[in-house]
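Asks: Below you'll find the structure I mean.
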Amino acid sequence: QDSCNKASNFLDYLLTGKRLELKAYYELNSDLLPYKIDAFKVYLSRTSAKQISPAIKQQLSDFINFLAQLASSIPGDEKRSDILSRRIREKKQAAEWRWLLEKAEVLKYPFPPNNSKATPSQKPDHHNL
């Protein structure tokens, strides 16, 4: 019993880490993202139902499919953004649902809006403190 819980916890951490890694590659606009997406798809296809329940596997598959669609989209394509946003809203069970929806909405803009990313000239000058 205890070893099953440890294995389950390990798998939860592994899958959370994989999602976090993919989100980071997306945010960094990394050229490696398509390869990481493909590797995760292969991992999911090879993992048995004994390890990952069909419901969790579906949530992860939805996440990876939406992420691939986001990654292949061109910023500023309002129509594509609206279509993706609608599809994501219909799949609320997708892993990282809110994050996916936020990224689909941001696609409307040719350049991502500056939420909290300060440019070098906007950063506080710590030398004068």
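Asks: Given the conditions (1) part of a helix (DSSP H, G or I); (2) polar (S, T, N, Q); (3) over 23 Å from SER72 (Cα atoms), and given that GLN58 satisfies all but one, which numbered condition is not satisfied?
Replies: It is condition (3) that GLN58 fails.
Asks: Also: Please find, within the stretch 94-115, the residue that is nearest to the chain's Cα centre (by Cα) out of those that are surrounded by 11 or more Cβ atoms within 10 Å (Cβ to Cβ) and not in a helix (DSSP H, G or I). Outline the logic, then answer.
Replies: In the first step, residues of the stretch 94-115 are kept if they are surrounded by 11 or more Cβ atoms within 10 Å (Cβ to Cβ); the result is 94-97, 99-109, 112.
Now narrow it down to the ones that are not in a helix (DSSP H, G or I): 94-96, 107-109, 112.
Details: ALA94: 10, ALA95: 8, GLU96: 6, LEU107: 14, LYS108: 18, TYR109: 19, PRO112: 16 Å.
Once the filter is applied, the top-ranked residue is GLU96.
Asks: Which of (1) in a helix (DSSP H, G or I); (2) out of contact with any Pro (no Cβ under 8 Å at 6 or more places or on another chain) is the odd one out, the single condition GLN51 does not satisfy?
Replies: The failed condition is (1).
Asks: Could you please give the count of residues in the stretch 56-80 that are among the small types (Gly, Ala, Ser), surrounded by fewer than 15 Cβ atoms within 10 Å (Cβ to Cβ) and either free of Cβ contacts under 8 Å to residues at least 12 places away in the same chain or within 17 Å of LEU14 (Cβ to Cβ) (or both)?
Replies: The number of residues fulfilling the criteria is 1.
Asks: Where residues in the stretch 11-34 are touching a residue at least 12 places away in the same chain (Cβ under 8 Å) and hydrophobic (A, V, I, L, M, F, W, C), which of them is nearest to LYS50 (Cα to Cα)?
Replies: Step one: of the stretch 11-34, the residues touching a residue at least 12 places away in the same chain (Cβ under 8 Å) are 11, 15, 18-19, 21-23, 26, 33-34.
When the remaining residues are screened for being hydrophobic (A, V, I, L, M, F, W, C), the result is 11, 15, 22, 33.
On the way: LEU11: 12, LEU15: 15, LEU22: 24, LEU33: 28 Å.
Result: LEU11.
Asks: So which of ILE88, ILE83, ILE52 is at pLDDT below 95 and surrounded by 11 or more Cβ atoms within 10 Å (Cβ to Cβ)? Before you say what the answer is, go through the steps one by one.
Replies: Working: ILE88 fails: at pLDDT below 95; ILE83 fails: at pLDDT below 95.
Being at pLDDT below 95 and surrounded by 11 or more Cβ atoms within 10 Å (Cβ to Cβ) holds for just one of ILE88, ILE83, ILE52, which is ILE52.
Asks: For the list (1) surrounded by 12 or more Cβ atoms within 10 Å (Cβ to Cβ); (2) not in a helix (DSSP H, G or I), I need the number of the one condition that ASP38 fails.
Replies: (2)
The values are calculated or read from the model by the stated rules, or taken from the named source; none is laboratory data. It should be emphasised that the depicted structure is a prediction, and the values quoted were computed from it without experimental measurement. Every residue, glycine as well, gets a Cβ built from its backbone with ideal geometry; the counts of neighbours run over all protein chains shown.
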